[in-house]
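Have a look at the structure below before the remarks.
The values are calculated or read from the model by the stated rules, or taken from the named source; none is laboratory data. The structure displayed is predicted, hence computed values, not measured ones. Backbone-built Cβ (ideal geometry, glycine too); neighbour counts: all protein chains shown. We work out accessible area using only protein heavy atoms, side chains counted, and drop any ligands, DNA or RNA first. Shrake-Rupley method; radii C 1.70, N 1.55, O 1.52, S 1.80 Å.
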Amino acid sequence: IFFRAMVDLTLTRDNCLVKVREGCAATALRATHVTINEENLKTFASGMPAAEMKEGYTGDIQAFPLKFDSLDQEINFHCTLQMLNFGSAYQDLLDDRSVFETIQYGMLGLMLSGRKMNAQMLSSMSLSDVGQTFGVEVKREAKIKPDTPIYTEEDTEVAGFAKLILKACEDTGRRLRELDCEDFAQFFRKFLDVDKPTASAFVFVLQKQLPVFCDGYTTGDTEIYVLSKAKLLAAELHRRFSFRAPLFDFQDMDRLGSPMGNAIPALLRSVGVLSYDPELSRRVDERRSVTGDLEMELRCVAVHACHQIAEAVEVNGAELYLHLRNVAEKAEFASAPR
């Protein structure tokens, strides 16, 4: 396997972020479906406002209309929110809200209901709870046969989204209890070193102990890690709590690469930084699912491109990610196929 020949991608607390970066770089080197246009990348990077990006990272923090009783409660809220930050494949099936707005709606509902955001709550949720809390219609009535008055229940088109939410909650709640942790806040106190807080250790511990935060791809006998959800949570907790909770005052934020969903590759393609081959272009333009090697190359090459952009602009991956996410939401890019 060519990855093993080039670089050892085994993760540790100290090298986790470096190995994620090396794995994505190795994938980009051999990619056949996605390529980086180096000249367009340099042009794109040259027009980016570094000072504004750094200021946005520390100052442009979304506030929620909630009064938290403790720092732990606030940490648990944001951890659960980012844990459930997925489901873009269901965007076209949601009528009134975006996928992330749907998650936010449910999270606000959970907080306002007075339920504790802990392992017990996560592991005890039902599919009906998810549907009601997040405003997702899970079941509908349907005739057994067109010519009969007898009805039964069937899943709606978005039932799969609700089931993904439920599985993430159940699996994480159960795992926290196995680790003898009441909630996310206690989990971090148990597994992180407050005297040496690093994003690398944070991401490593998350992906190792909580499977919902471990994303990557297997090629041969090698694991190529992206760890997007773990990196995004590291950035969110750092920017929100580093000045209040020393555990999240990470000293290696320069090593935290950009998280990678589907909006940023679409943006980079729109501005000519990324080029897709005909097969991938067709699938993306037709809004069909992208899986397997195509998905691996798309995400890993985009991560590598963001690393190059961040180095050129002299910002870290989290600062770049937040800026690109905001740009991707602008009207001229929001409708780009993802």
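Mean Kyte-Doolittle of at least -1.0 plus a Cα span of 30 Å or more along the axis: flag which DSSP H helices in the chain meet both, please.
292-313
What order do you get for 205-211, 219-225 when each peptide is scored by the mean count of other beta carbon atoms within 10 Å, highest first? List each step's numbers first, then the result.
Working: 205-211: 19.4, 219-225: 16.1.
Highest mean packing first, the order is 205-211, 219-225.
Rg (Å, one decimal) plus Dmax (Å, integer) for the alpha carbons of region 64-159?
Values for region 64-159 (Cα only, Rg and Dmax): 16.4, 58 Å.
With a probe of 1.4 Å, find how much accessible area the chain has per residue, and write the answer as a whole number in Å².
48 Å²
Quick test of your reading: applying the under-4.7 Å Cβ rule, which cysteines of the chain are isolated?
Cys16, Cys79, Cys169, Cys181, Cys214, Cys306
Considering lysine pairs in region 84-187 that are 8 or more places apart or on different chains, how many have Cα atoms under 22 Å apart?
So the count of such lysine pairs works out to 4.
Work out from phi, with θ = phi - 60° and the Karplus expression 6.51 cos²θ - 1.76 cosθ + 1.60, the ³J(HN,Hα) of each residue of region 245-255, listed in order in whole Hz, and give x for Gly and Pro.
Ordered by residue, 3J(HN,Hα) equals 10, x, 4, 10, 8, 5, 9, 10, 4, 5, 9 Hz.
Under a straight-distance cross-link criterion of Cα-Cα below 16 Å, which lysines are reachable from Lys190, leaving out those fewer than 8 residues away in the same chain?
Lys208
Can you give me the convex hull volume of the Cα atoms of region 218-338, divided per residue and expressed in Å³? All intermediate terms of the calculation are to be shown ahead of the outcome.
Working: hull volume 14.5 nm³, N = 121.
Here the figure is 120 Å³ per residue.
As I understand it, the dipole of region 110-170 uses +1 on the Cβ of Lys and Arg and -1 on the Cβ of Asp and Glu, about the Cα centre. Which of Val138, Ala168, Met117 lies farthest toward its positive end?
The Cα lying farthest towards the positive end belongs to Met117.
May I ask for the Kirkwood hydrodynamic radius of region 1-142, worked out over all distinct Cα pairs and given in angstroms to one decimal? Provide the component values of the computation, followed by the final result.
On the way: mean 1/r = 0.0506 Å⁻¹.
Roughly 19.8 Å, rounded to one decimal.
Quick one: grab Rg to one decimal and Dmax as a whole number for region 281-338, Cα atoms only, in Å.
For region 281-338, the Cα-based Rg and Dmax read 13.1, 36 Å.
Show me, for region 141-158, the HN-Hα J-couplings you get by feeding each phi into the Karplus relation (A = 6.51, B = -1.76, C = 1.60, θ = phi - 60°), rounded to Hz, glycine and proline as x.
7, 8, 5, 5, 9, x, 9, 10, x, 8, 10, 9, 9, 9, 5, 7, 5, 9
To the nearest 20 debye, what is the magnitude of the charge dipole of the chain about its Cα centre, counting +1 on the Cβ of each Lys and Arg and -1 on the Cβ of each Asp and Glu? Walk me through the intermediate numbers first.
Numbers: 39 positive and 50 negative charges, 71 e Å.
Approximately 340 debye in magnitude.
List the aspartates and glutamates whose Cα lies under 13 Å from the Cα of Lys229, skipping any in the same chain that are fewer than 8 positions away.
Cross-link targets: Asp215.
What percent do you get for the relative contact order of region 220-308 when only Cα pairs under 8 Å and 6+ apart count?
Here the relative contact order equals 31 percent.
If you place +1 on the Cβ of every Lys and Arg, -1 on the Cβ of every Asp and Glu, and leave all else neutral, what size is the dipole of region 268-338 about its Cα centre, to the nearest 20 Debye? Please list the in-between numbers first.
Details: 9 positive and 12 negative charges, 61 e Å.
Using Cβ point charges on Lys, Arg, Asp and Glu, region 268-338 gives about 300 debye.
With a ≥ b ≥ c taken as the square roots of the eigenvalues of the C-alpha gyration tensor of region 146-274, please select rounded if a/c is under 1.5 and otherwise prolate if a/b is larger than b/c or oblate if it is not?
oblate
Excluding residues fewer than 8 places away in the same chain, name every one of the lysines whose C-alpha is closer than 21 Å to that of Lys330.
Those lysines meeting the cut-off are Lys54.
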